[in-house]
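Any read-out appearing in this document is the output of simple, stated calculations on the displayed coordinates, not a laboratory observation. Since the structure is predicted, the reported quantities are computational estimates derived from the model, not experimental observations. Every residue, glycine as well, gets a Cβ built from its backbone with ideal geometry; the counts of neighbours run over all protein chains shown.
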Amino acid sequence: MVKNIIVSIFLIFLFGCLELLFEHPQPRGGKTYNKNLEQIFVSAIPNTINSNDTNSVLYELINDTLKFIEIRNKQKIFELELHFFNSTTIIEEFIIEGIIDSFLQNAFDYKVSSQSTILEKENIIFFNEKIEEGGREVYKIPLIIEKNRSDNDFKFFMGPFIWSIISSSDDKKFEQLKKQLNITEYPNETPVANPSYMSLRNHLKNTPPLFEFSSIELLASSFFEILKEREGSNTKKYKDFEGFINYEEIETSIIFSKNKNDFTKQAFENMGPLFDKLDKK
């Protein structure tokens, strides 16, 4: 799923959606992030979560063939248990080490430390990537991770500063946003912002990113993406449930669960024929 999202973001940018750039790494006053993100991520996942919980994204993935889903956090490994309509049950194990790194490398070139500045302040982590624009060194922010103070879960925001979303507001609100984020527009160049920390937080609260995921959503999507690869490479082992999992439907359900990512959904619908051609390649 994450790979498809990266392709989708590229296509959305290709069709005119620019990222807002920043004069300095964000957030202002942030400290260098040097904690183990994998361990923090594991600690945010409950010991057990399953599709019986109607508030869980797993509940939204149940259909006529896939009847039950459970994820168990064993700290060093995760177990995914699936029940199918014909009484078939499978249990798959996943090593958490590497899943977060894989996500970060797909969403953001995490390994390029010379061009990366990762800062945290309070409960939020910004991934800043240094680039050159119009002869100036500026920063783009492809990813933000926010920790929920009440339940220790994480939210992952991909494409959090898309100029098309910001500039789609009515004229009065747009001017307010420009002032709030201290945006400077340059002829034939991407706008550059230099906001205060509180202005940045207020903007994040009121303006949606391209994609937003919880830890559970990211975990579930990663598991099904890996399971799809396993099934494709060993059809004999997984023949008992061949064709029982609609991976595309699961991907769509997770991306657009609970009316999230509506801007991106509309962009997908507008480019539907193009995505159909890409899927066939």
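Structure notes:
- A full extension of the chain between SER43 and GLU23 corresponds to an added length of 3.8 nm, given 0.36 nm per residue minus the alpha carbon distance.
- Proximal charge balance of LEU200 [Cβ under 11 Å; K/R count +1, D/E count -1]: +4
- Order of MET158, MET198 under a 10 Å beta carbon neighbour criterion, fewest first: MET198, MET158
- Going from the fewest other Cβ atoms within 10 Å to the most, the residues TYR197, TYR186, TYR139 appear in the order TYR186, TYR197, TYR139.
- Whole-Hz couplings from phi, Karplus 6.51/-1.76/1.60, listed for segment 130-137; x for Gly and Pro: 7, 9, 10, 9, x, x, 10, 7
- Length released on extending from LYS76 to LYS179, taking residue separation times 0.36 nm less the Cα-Cα span: 32.4 nm
- Virtual paramagnetic centre 7 Å along Cα→Cβ of SER116, amide N under 17 Å, in segment 23-45: 25-27, 31-41
- Ranked for footprinting exposure by Cβ neighbours inside 10 Å, fewest first, PHE126, PHE223 give PHE223, PHE126.
- With a Förster radius of 22 Å applied to the beta-carbon distance between GLU242 and GLU93, the computed FRET efficiency rounds to 0.60.
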